[in-house]
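Read the figures in this text as sums done on the coordinates, not as results from a lab. This structure is a prediction, so every number in the text was calculated from the model and none was measured. Glycine gets a Cβ as well: all are built from the backbone with ideal geometry, and neighbour counts include every protein chain shown.
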Amino acid sequence: MPAPVIGITPDITRESAAHGLTNRLLLNLDYAEAIAHAGGIPVVLPPVLEPARFLESLDGILLTGGGDIAPHRYGAPTIHPATYGISDVRDEFEIALVHAALNADVPLLAICRGMQVLNVALGGTLIQHIPDEIDGALNHRQQELGIPSGEPAHPVTIRPDSLLARIVGTTHLMVNSYHHQAVAELASPLLPTATAPDGVVEAAEIPGATFVLAVQWHPERLFQHYPAHHALFAALIEAAQSRAARRATVVEKK
Ligand code: MN
């Protein structure tokens, strides 16, 4: 069986280097480590081709965390002062990648910003800054609570009949939390499948798709010590397996 190839979306930065200002890709290595640990081949997707072109060579997609999505993309007329890290190139590439992946039924795991990108691509909206919009909200930035990276920070309640519940094997899960934005209106056909105690949507999926799963937390920082979080990557790889086998057959015929 060929190992599934999983495309990972990087962040894009503009930095000064010895030869002047340059555009660079940036990726926290733990995303790639989580894919490799689950049996996939991680590859990074630079935004230099139409996203659909990449799909011919991929069996699954991992949308990663990062800066905020430009608010105009979900119809918000103003930008909250806490908004940071907007990249038009990244927004455009990832939104187009979501559409291409859904059209081709390519398995997709969306993490943190990735969940927000998935929702916005489908016409949903975001809460721009949780503390301003949810009374009595938890602090979803665990770094401000002194909770170490790689440790869970708050519980989520999971919908029992969901793909997520089947994967993690429970309806109550502790998750980490590094976000100040969240889903506001969840776009159809996404189904909310986990919520924090303050009502923040923490996971979503598309019933009937081969595999479209989104989580607001960061399983790539938990997978080494918490089997339920490793299981998310394992489920992506398993879902990508049949596409990998199919692609191998097509290559043999050529
Ligand atoms: Mn959270």
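Worth pointing out:
- Taking GluC sites (Glu not before Pro) across the stretch 1-96, the ones in a DSSP loop with at most 12 further Cβ atoms lying within 10 angstrom of their Cβ are 56.
- Local electrostatic count, residue 166, Cβ distance below 13 Å [Lys/Arg +1, Asp/Glu -1]: -2
- DSSP bridge orientation in the chain - percent antiparallel, rounded to nearest 5: 60 percent
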